[in-house]
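Engineer: Take a look at the following structure, please.
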Amino acid sequence: MKKLKNVDELKALRDDCLEKFKGSEKTRIIVGMATCGIAAGAGEVFDSIAGEIMKLGLGDKVTVVRSGCMGACHSEPTVEIAVPGEESVLYGNIDSQRAKVLVRNHIMRNEVVSELVLEKTYKTIS
Amino acid sequence: MSTKKQLRIALKNCGVIDPENIEEYIARDGYMAMANILTDMTPEDVIDELKKSGLRGRGGGGFPTGLKLELARKNQGKKKYIVCNADEGDPGAFMDRSILEGDPHAVLEAMAICGYAVGASNGYIYIRAEYPLAIERLKIALKQAYKLGLIGKNILGSSFSFDIEMKYGAGAFVCGEETALINSIEGNRGEPHFKPPYPAEKGLWNMPTTVNNVETLANIPTIFNMGAAKFAKIGTKTSKGTKVFALAGNVNKVGLVEVPMGTTLREIVFDIGGGITDGKGFKAVQTGGPSGGCIPAQFLDVPIDYESLKEIGSMMGSGGMIIMDENTCMVDIAKYYLEFTTDESCGKCTACRIGNKRLYEILQKITDGTGTEEDLVKLKELGEIIKDTSLCGLGQSAPNPVLSTMKYFYDEYEAHVKDKTCPAGICSSLTKYEIVKDKCIGCTLCAKACPAACIIGKVREPHVIDQDKCIKCGACYKACKFDAITKS
C-alpha cells in the first residue's frame, strides 16, 4: 500500500476495493467477533468454518471474514452468509458443529438452515 | 412479525466489514467524506453542515456538535486538540466498545474532519484500558490509515495534517467527564474542575479542545456522505438522527439496537427486544446509567429524545438501557447505582463525596428494615442539595436514580419503611420464608439445601423454619418442588 496523494487516488482505490469485495462472485461468510462474540465462542466458530471451507476446497468460492458486533447479543455467536445476488441470511447461536452444518447446507447445497435463522430487525442507511 | 424499526447509521459498518482491513472500509465510501471536505469545503462549511444536520452529543449531554466545533474554532490558541471520549463506563453500556471494535476507521475519519473544522492538527483517543480488543483494532486501524496517508502529514496531498495518539484510562468512571478526562491525558489526577472555562476555551494543555463521544463521531462521516439535510429529516424536532442503545436486563433479546430518535420505549422493549423474560410483567426501564433514572410503564409510549427523557425524570445518557421486570425492587436498584457512584466519586467536592455517601447509608437503612419516614424526607432533600451543589456531572446526577424511583415508586419506599416489607421480595432483611404446613410432604429437600441448618422436621412430616437462625438466602424456596414455601 502506497500513500494516497490526492482524492482521485482514493477514489481509484475505492473502486478497486469495491471490485475486490462486491464485484467478485464470492460468497461472504461473516463471523461476529467483537469481545461479546468471542466470549461466546465465535473464535471456535470461525476456525470451524474456515477449516470446513479448506477441507471442502471451497477457498476460491468463499471468503470468511471476522467482523465486529452484529447486535444480536441474545444469540451469540452470530454468523451472516451473503451469497452473491441473494439476500444475506443472519444466523444465531452457532457453535463449531452448527458452523459445519451451515457450510454444508447453505454453501454447498444452497439451502437455508431455517431453524438457526435470526430475524433482521434493522435497515441500514444508504 | 416486527417491521424493521431499527435504522443503522452509527452502526452502519458494524458486523458488516472486517474492522482490521481498511480496504473494506474504503469500499464502503470510507474516508470519502474527509476527502471531499478537504477538496471542496472550508472549515466554516463543515461546521455549518454539522449544525444543519442537528447532530447532538451522544455521550449523554446532547450538546449540539456543530456549535461545539464552532466554539473551539473561534477561540484562539497556539494549538488546538480533538479528543475522542471512549471512556465508556456506565454499567450495562457497550455501544462505544461495539463501534470501536466494529468500525474503528469511522471514528478516525470523523476526528480528522473535526480537526479540519476546528483548526486542530492533533487528536487523542482516550479509551479505557479494560477494552483490549477495541484498543488493538484501533491501533491496527491507525497504522493502516497512516500508511495510506489518510491520517498524518499533508493528508491526501492537502495542506491539512492530523495526528492521532491513544491514551488509556485507568478505570476511573469520573474520567468520562471531559475536564477530568483532560486532566488524565495531561498526566494529572483524573479530577474534574469547574466549568467555565469550558474545554472549547481552555482544554488540553490549556488550548481550545473539542471532546466528542465515540458514537457522535461515528455519525459524522455518514452525515457528510448522505447530506445534512437528509440526516436532519430523521428523528424528532429537537433530536436528529438515531441513537444506539445497549439493551440489557430482563428482556428477551438483549443486544445493541439503533433506532431513530422519537421511537417509543414500547417499540424498543417489546418489538425489538421481544418483551420481558419468562413472560413476566414490565416494571421500569433504567436509562442514562448512574446519572439517569427509572422510567415506569406509564411512559412506555413517549417518543424518546433528549428533552422527553429529561421531562420524565431520566436522561438520554450514553445509551445504556436496562429493562426491569415486576420482581425488581426499586429501592434496591437505587442503592445499587448509589453504591456505584459513591465508589467512583473522585472526592474533590464535599457534596458528592459526603452527600452521596449519606444518601447511600439512608438507602442501606431502608433496605435493612430500619428506615423511618423521616429518612424518606431526608433522602429527597439531600438528593436535591447534592444535585445543586456538586462540582461535576457525576455528583450532579448521582441522586437521579434515587429521586426518580422516589417519584414513581414511592409506595415501594413506604412499604420498606412503614410496613417493613419489600414488595418485590428482593431485600433479604425484609423477607420472611415460611413453610405451609398443609403443602409440605416432608421430602427434606429444603432442609438439605439450607446452608444455616435451620429447617427442622422429620421425614414425611411438615418442616419448620427457625426464623431466628434463618439467613434469608432463599435456598429452600428454590429447592422446594411442592410450592410449600412462601416468601413475604
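The values are calculated or read from the model by the stated rules, or taken from the named source; none is laboratory data. Keep in mind it's a predicted model, so treat the numbers as computed, not measured. All Cβ positions, even for glycine, are placed from backbone atoms using ideal geometry, and neighbour counts span all protein chains on display.
Engineer: Working only within region A:1-15, note down all residues that are part of a helix (DSSP H, G or I) and more than 7 Å from every other protein chain (Cβ to nearest Cβ).
Structural biologist: Hits for region A:1-15 are A:D8, A:E9, A:K11, A:A12, A:D15.
Engineer: Here's something else I'd like to know. Could you list, in sequence order, all residues of region B:13-60 that are at positive phi and either of a type in the set (D, E) or in a helix (DSSP H, G or I) (or both)?
Structural biologist: So the first thing to find is which residues in region B:13-60 are at positive phi, and the list is B:15, B:29, B:31, B:54, B:60.
The one that is at positive phi and either of a type in the set (D, E) or in a helix (DSSP H, G or I) (or both): B:D29.
Engineer: Another question about this same structure. Out of all the residues in region B:399-458, which are of a type in the set (S, T, N, Q) and out of contact with any helix residue (DSSP H, G or I) (no Cβ under 7 Å at 6 or more places or on another chain)?
Structural biologist: First pass over region B:399-458, keeping only residues of a type in the set (S, T, N, Q): B:400, B:404-405, B:421, B:428-429, B:431, B:444.
Listed by number, the residues that qualify are B:S404, B:S428, B:T431, B:T444.
Engineer: Name the single residue that is nearest to the chain's Cα centre (by Cα) among those in region B:296-330 being assigned to a loop (DSSP other than H, G, I, E, B) and without any contact (Cβ under 8 Å) to a residue 40 or more places away in the chain. If you could, list the steps in order and put the result at the bottom.
Structural biologist: Filtering region B:296-330 down to residues assigned to a loop (DSSP other than H, G, I, E, B) leaves B:300-302, B:304-305, B:312-319, B:326-329.
Now narrow it down to the ones that are without any contact (Cβ under 8 Å) to a residue 40 or more places away in the chain: B:300-302, B:312.
Values: B:L300: 19, B:D301: 21, B:V302: 20, B:I312: 17 Å.
So, considering only residues that are assigned to a loop (DSSP other than H, G, I, E, B) and without any contact (Cβ under 8 Å) to a residue 40 or more places away in the chain, the one nearest to the chain's Cα centre (by Cα) is B:I312.
Engineer: Of all the residues that make up region A:88-111, how many are closer than 14 Å to A:T121 by Cα and of a type outside the set (V, I, T)? So that I can check it myself, show each step before the final result.
Structural biologist: First pass over region A:88-111, keeping only residues closer than 14 Å to A:T121 by Cα: A:88-92.
Filter again for of a type outside the set (V, I, T), leaving A:88, A:90-92.
Total meeting the criteria: 4.
Engineer: Right, another one. I'm trying to understand the selection: among the residues of region B:255-271, which are part of a helix (DSSP H, G or I) and at the interface with another protein chain (Cβ under 9 Å from one of its Cβ atoms)?
Structural biologist: Matches in region B:255-271: B:D271 only.
Engineer: Still on this structure, I have one more. Within region B:440-449, is even one residue in a strand (DSSP E or B) and either aromatic (F, W, Y) or touching a strand residue (DSSP E or B) at 6+ places or on another chain (Cβ under 8 Å) (or both)?
Structural biologist: Step one: filter region B:440-449 for residues in a strand (DSSP E or B), giving none.
No, every residue in region B:440-449 fails to be in a strand (DSSP E or B) and either aromatic (F, W, Y) or touching a strand residue (DSSP E or B) at 6+ places or on another chain (Cβ under 8 Å) (or both).
Engineer: Moving on to the next point. Give B:A200, B:A180, B:A218 a once-over and let me know the one that is crowded, with 21+ Cβ neighbours inside 10 Å, within 14 Å of chain A (Cβ to nearest Cβ) and either part of a loop (DSSP other than H, G, I, E, B) or in contact (Cβ under 8 Å) with a residue 24 or more places away in the chain (or both).
Structural biologist: On the way: B:A200 fails: within 14 Å of chain A (Cβ to nearest Cβ); B:A180 fails: within 14 Å of chain A (Cβ to nearest Cβ).
So the residue among B:A200, B:A180, B:A218 that is crowded, with 21+ Cβ neighbours inside 10 Å, within 14 Å of chain A (Cβ to nearest Cβ) and either part of a loop (DSSP other than H, G, I, E, B) or in contact (Cβ under 8 Å) with a residue 24 or more places away in the chain (or both) is B:A218.
Engineer: Every residue in region A:67-79 that is more than 12 Å from A:R28 (Cβ to Cβ) and of a type outside the set (A, V, I, L, M), please.
Structural biologist: First, the residues of region A:67-79 that are more than 12 Å from A:R28 (Cβ to Cβ): A:68-78.
Within region A:67-79, A:G68, A:C69, A:G71, A:C73, A:H74, A:S75, A:E76, A:P77, A:T78 meet the criteria.
Engineer: Let me ask you something else. Quickly run through region B:57-83 and pick out the residues that are within 20 Å of B:G241 (Cα to Cα) and modelled with pLDDT of 95 or more. It would help to see each step written out before you state the result.
Structural biologist: Residues of region B:57-83 that are within 20 Å of B:G241 (Cα to Cα), as a first pass: B:57-69.
B:G57, B:R58, B:F63, B:P64, B:T65, B:G66, B:L67, B:K68, B:L69 - these are the residues of region B:57-83 that are within 20 Å of B:G241 (Cα to Cα) and modelled with pLDDT of 95 or more.
Engineer: Here are the criteria: (1) buried (at least 21 other Cβ atoms within 10 Å of the Cβ); (2) part of a loop (DSSP other than H, G, I, E, B); (3) within 14 Å of chain A (Cβ to nearest Cβ); (4) charged (D, E, K, R). Tell me which single one B:R97 does not satisfy.
Structural biologist: The one condition B:R97 does not meet is (2).
Engineer: If you scan region B:348-396, which residues turn out to be in a helix (DSSP H, G or I), hydrophobic (A, V, I, L, M, F, W, C) and closer than 27 Å to B:F63 by Cα?
Structural biologist: In the first step, residues of region B:348-396 are kept if they are in a helix (DSSP H, G or I); the result is B:350-368, B:373-389, B:393-396.
Remaining after also requiring hydrophobic (A, V, I, L, M, F, W, C): B:351-352, B:354, B:359, B:362-363, B:366, B:376-377, B:379, B:382, B:385-386, B:394.
Result: B:A351, B:C352, B:I385, B:I386, B:L394.
Engineer: Please go through region B:157-177 and pick out each residue that is under 18 Å from the mean Cα position of the chain (by Cα) and crowded, with 22+ Cβ neighbours inside 10 Å. Talk me through it step by step, then tell me what you get.
Structural biologist: The initial filter retains those residues of region B:157-177 that are under 18 Å from the mean Cα position of the chain (by Cα), namely B:169, B:171-177.
Hits for region B:157-177 are B:G169, B:F173, B:V174, B:C175, B:G176, B:E177.
Engineer: Can you work out which of the residues in region B:237-254 that are in contact with a strand residue (DSSP E or B) (Cβ under 6 Å, 6 or more places away or on another chain) and part of a loop (DSSP other than H, G, I, E, B) is farthest from the other protein chains (Cβ to nearest Cβ)? Walk me through how you get there before you give the answer.
Structural biologist: First pass over region B:237-254, keeping only residues in contact with a strand residue (DSSP E or B) (Cβ under 6 Å, 6 or more places away or on another chain): B:241-242, B:244-251, B:254.
Filter once more, so that each one left must be part of a loop (DSSP other than H, G, I, E, B): B:241, B:250, B:254.
Details: B:G241: 10, B:N250: 12, B:V254: 5 Å.
Top of the filtered list is B:N250.
Engineer: Taking the residues in region B:410-440 that are β-branched (V, I, T) and surrounded by 14 or more Cβ atoms within 10 Å (Cβ to Cβ) as candidates, determine which candidate is nearest to the chain's Cα centre (by Cα). Show your work before the answer.
Structural biologist: So the first thing to find is which residues in region B:410-440 are β-branched (V, I, T), and the list is B:417, B:421, B:426, B:431, B:435-436.
Then drop every residue that is not surrounded by 14 or more Cβ atoms within 10 Å (Cβ to Cβ), which leaves B:417, B:421, B:426, B:431, B:435.
Values: B:V417: 30, B:T421: 31, B:I426: 24, B:T431: 31, B:I435: 42 Å.
My answer is B:I426.
Engineer: Return only the number of the condition from (1) among the hydroxyl-bearing types (S, T, Y); (2) free of Cβ contacts under 8 Å to residues at least 60 places away in the same chain; (3) surrounded by fewer than 21 Cβ atoms within 10 Å (Cβ to Cβ) that B:T287 does not satisfy.
Structural biologist: (3)
Engineer: With respect to A:A72, determine if the residue is within 7 Å of chain B (Cβ to nearest Cβ) and out of contact with any helix residue (DSSP H, G or I) (no Cβ under 6 Å at 6 or more places or on another chain).
Structural biologist: On the way: within 7 Å of chain B (Cβ to nearest Cβ): yes; out of contact with any helix residue (DSSP H, G or I) (no Cβ under 6 Å at 6 or more places or on another chain): yes.
Considered against the rule, which asks whether it is within 7 Å of chain B (Cβ to nearest Cβ) and out of contact with any helix residue (DSSP H, G or I) (no Cβ under 6 Å at 6 or more places or on another chain), A:A72 comes out as yes.
Engineer: Can you pull out every residue in region B:410-453 that is modelled with pLDDT under 95 and aromatic (F, W, Y)?
Structural biologist: Listed by number, the list holds a single entry, B:Y433.
Engineer: In this structure, does A:F46 turn out to be surrounded by 21 or more Cβ atoms within 10 Å (Cβ to Cβ) and of a type outside the set (D, E, K, R)?
Structural biologist: Details: surrounded by 21 or more Cβ atoms within 10 Å (Cβ to Cβ): yes; of a type outside the set (D, E, K, R): yes.
Taking the combined requirement at face value, the residue satisfies it.
Engineer: Given the structure, is A:N110 in contact with a Pro (Cβ under 8 Å, 6 or more places away or on another chain), among the polar types (S, T, N, Q) and either within 13 Å of chain B (Cβ to nearest Cβ) or loosely packed, with under 12 Cβ neighbours inside 10 Å (or both)?
Structural biologist: Values: in contact with a Pro (Cβ under 8 Å, 6 or more places away or on another chain): no; among the polar types (S, T, N, Q): yes; either within 13 Å of chain B (Cβ to nearest Cβ) or loosely packed, with under 12 Cβ neighbours inside 10 Å (or both): yes.
When the stated conditions are applied, A:N110 does not pass them.
Yes/no per residue for (1) within 11 Å of chain A (Cβ to nearest Cβ); (2) surrounded by fewer than 24 Cβ atoms within 10 Å (Cβ to Cβ):
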{"position": "B:P19", "(1), (2)": "yes, no"}
{"position": "B:D29", "(1), (2)": "yes, yes"}
{"position": "B:L50", "(1), (2)": "no, no"}
{"position": "B:P64", "(1), (2)": "no, yes"}
{"position": "B:A72", "(1), (2)": "no, no"}
{"position": "B:G77", "(1), (2)": "no, yes"}
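Engineer: Another question about this same structure. Filter region B:100-109 down to the residues that are acidic (D, E) and within 11 Å of chain A (Cβ to nearest Cβ), then identify the one that is farthest from the chain's Cα centre (by Cα).
Structural biologist: The initial filter retains those residues of region B:100-109 that are acidic (D, E), namely B:101, B:103, B:109.
Filter again for within 11 Å of chain A (Cβ to nearest Cβ), leaving B:101, B:103.
Numbers: B:E101: 18, B:D103: 20 Å.
Only one residue tops the list, namely B:D103.
Engineer: Go through region B:183-197 and count every residue that is touching a residue at least 40 places away in the same chain (Cβ under 8 Å) and outside any loop (DSSP other than H, G, I, E, B).
Structural biologist: 2
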